[in-house]
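Since the structure comes first, as structure tokens, the remarks are kept for the end.
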Amino acid sequence: MTTVYQTSTMGEARVRIALVDRDSADLLVHRVGSRGLAQGDALWFITREPQNANVHVYFTSQGMAQLRMCFVDNRGEAGWTKPHPLHGRL
């Protein structure tokens, strides 16, 4: 289950992410409406409470990012687009 909190500082983040277009993304993510629907690396529930998250992310430029990501509207489109060191670790 991936419950995500967006930090305001890079030092608090576990993962630095660049938001990119779909063709450049390593991971396509679909946001879900409840914690129970969050599964694997690609279905995220985003929380406003840092203590409720298992992943803290910071959105940054591509040059500083560990992961290139794109949000998608359809749950069926979500997933990894290519092999990546963070696969299974979010």
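The phi-based Karplus calculation (6.51 cos²θ - 1.76 cosθ + 1.60; θ = phi - 60°) puts the 3J(HN,Hα) values of segment 41-58 at 7, 10, 10, 9, 9, 9, 10, 8, 9, x, 6, 8, 9, 9, 9, 9, 10, 10 Hz, whole numbers, x for Gly and Pro. Amide H contacts for residue 46 (H built 1.01 Å from N in the peptide plane; partners 5 or more residues away or on another chain; cut-off under 5 Å): 4, 32.
Beta bridges assigned by DSSP with both partners in the chain are antiparallel in approximately 10 percent of cases.
Counting only Cβ charges, +1 for Lys and Arg and -1 for Asp and Glu, the dipole size of the chain around its Cα centre is about 160 debye.
Modelled label positions at residue 51 and residue 71, each set 7 Å beyond Cα in the direction of Cβ, lie 2.7 nm from each other. Roughly what percent of Cα-Cα pairs across the chain reach past 21 Å? The proportion of pairs with Cα distances above 21 Å equals 22 percent.
Give me the number: length gained by fully extending residue 80 to residue 3, i.e. 0.36 nm times residue separation minus the C-alpha to C-alpha distance, one decimal in nm.
Gain on stretching residue 80 to residue 3: 26.0 nm.
Mean separation of Cα pairs under 8 Å and 6 or more residues apart, divided by the residue count, gives the chain a relative contact order of 44 percent.
Round to a whole angstrom and tell me the spacing of the C-alpha centers of segment 50-90 and segment 1-39. If we compute the Cα centre of each part, the gap is 4 Å.
Computed 3J(HN,Hα) for segment 11-28, one whole-Hz value per residue from the Karplus formula 6.51 cos²θ - 1.76 cosθ + 1.60 where θ = phi - 60°, is x, 7, 7, 8, 9, 9, 10, 9, 7, 10, 6, 3, 5, 9, 6, 7, 9, 9, glycine and proline marked x. Note that the chain presents 58 Å² accessible area per residue, ligands and nucleic acids not counted, probe 1.4 Å.
The values are calculated or read from the model by the stated rules, or taken from the named source; none is laboratory data. Note that the structure is a prediction, hence the values are computed from the model and not measured. For neighbour counting, all protein chains shown are included, and Cβ atoms are generated from backbone atoms with ideal geometry for every residue, glycine included. Surface accessibility is based on the protein's heavy atoms, side chains included, excluding ligands, DNA and RNA. Shrake-Rupley method; radii C 1.70, N 1.55, O 1.52, S 1.80 Å.
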